[in-house]
1. Pull up all non-local amide H partners of Ala166: gap of 5 or more, or a different chain, and H-to-H distance under 5 Å with H placed in the peptide plane.
2. Quick one: 3J(HN,Hα) in Hz for the stretch 259-265, Karplus 6.51/-1.76/1.60 with θ = phi - 60°, rounded, Gly and Pro as x.
3. Give me the Debye-computed log₁₀ of I(q)/I(0) at q = 0.16, 0.18, 0.22 Å⁻¹ for the stretch 91-144, equal point scatterers on Cα only, no solvent, two decimals.
4. At 0.36 nm per residue, and after removing the present C-alpha to C-alpha distance, how many nm does the segment from Ser316 to Ala226 gain when stretched out fully?
Amino acid sequence: MNRSSHALLFILALSLLLAACGADDPGETADASDATGSETSSDLNIGEFTIPTDNQVEPNNPADEAGDCVAGCAHDVPAAFDYTGYDAYQGKIDGECHVSADGGAIFDTDVIGFHAATARTLLEITVTPSEGSKLDPVIITNDGNLAMTYNDERSSGESTARTVVAYPYVTGLDIYLAIDDAKNYESYDPDKTYTDCSTFTGGDDYGYYIQVKEIPYSDINLGTLAAGVPLTGSGALTQGGDLQHFSFKAPADAQPTVVVRSTGSDAFIPTLVEMNSVQGQLKWNRLADDGGILGGEEVLDGTVTLSGGFRACETSCPATVEFIFAVLDWNGVAWPGAFTFDVEVTL
């Protein structure tokens, strides 16, 4: 399934919206008794989390969602999720008809807020249907301002959705995970106002469980950049939800140009992210894709280029500083064929 073009185009001012919101009474509590997947329920210590549902307001476009508080917020905040307490947590896409921010009817999208203890912690997030569940999960991560990663299957034909993202902040600010059903995600028309939910899916048999595992951060270091001497490297995406970070040193005021060239499958839509790495954080600052999905020219030649979008240092900068970028596939997949690529950095 292909990703909606709306997911990364829509910028969300969650910091202001969340500050204005209060919490409703909890309404949806998941049953943790039937979680299965790569590990059975007997193998996992499974917890429950609660997502408010009473008078729940959803955004106009679920593909853009980073929290239930997106527009007209006066009811709740995304459910807090401490992934360190249990091996997995159980939830469900309910069958209730919710209210969208434009006043129309909308299906349930579960949104949770969570954070790692330190910046640049890599988080591997998987959402797996529980036993007997009809759910085909779609997951989107968001840093509170920008939708980041997307995935709907870890490998071809598998029902588990997986994504990897680096926790971007040096403080305890939350990032967000939105969980949809694929049928709802694909069929939703953002230009239409729905009066009922007859075309949407959900219910007690749309359960899932979430696992979040911490992975030590690593990147491919390309060296120190100088004028007239390109830095080069290569990488590969081998599993759905993969992304690869690269780093290099350059003068603090440099405006490097990064080019990513696919060297494998024509199905690979290389997507390039220039990072804000000021003071140790790892925020998504600017991104572009080969397919023109983000508003650029649709070339589809396996190449994507960005220039001058890094933020590496702001004050009292040393002679050279660390720049970081990441490469992923627009649809979060790694097949068919080999998703391999070369990178080149120039001044």
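1. Here the answer is Leu123, since their amide H atoms fall under 5 Å of that of Ala166.
2. 10, 10, 10, 5, 10, x, 5
3. Debye curve over Cα of the stretch 91-144, log10 I(q)/I(0) at q = 0.16, 0.18, 0.22 Å⁻¹: -0.70, -0.83, -1.03.
4. On the way: separation 90, 0.36 × 90 = 32.40 nm, distance 2.10 nm.
Result: 30.3 nm gained on full extension.
Read-outs: derived from the displayed coordinates by stated rules, not from any lab. The model shown is predicted, which means the values in this text are computed figures rather than measured ones.
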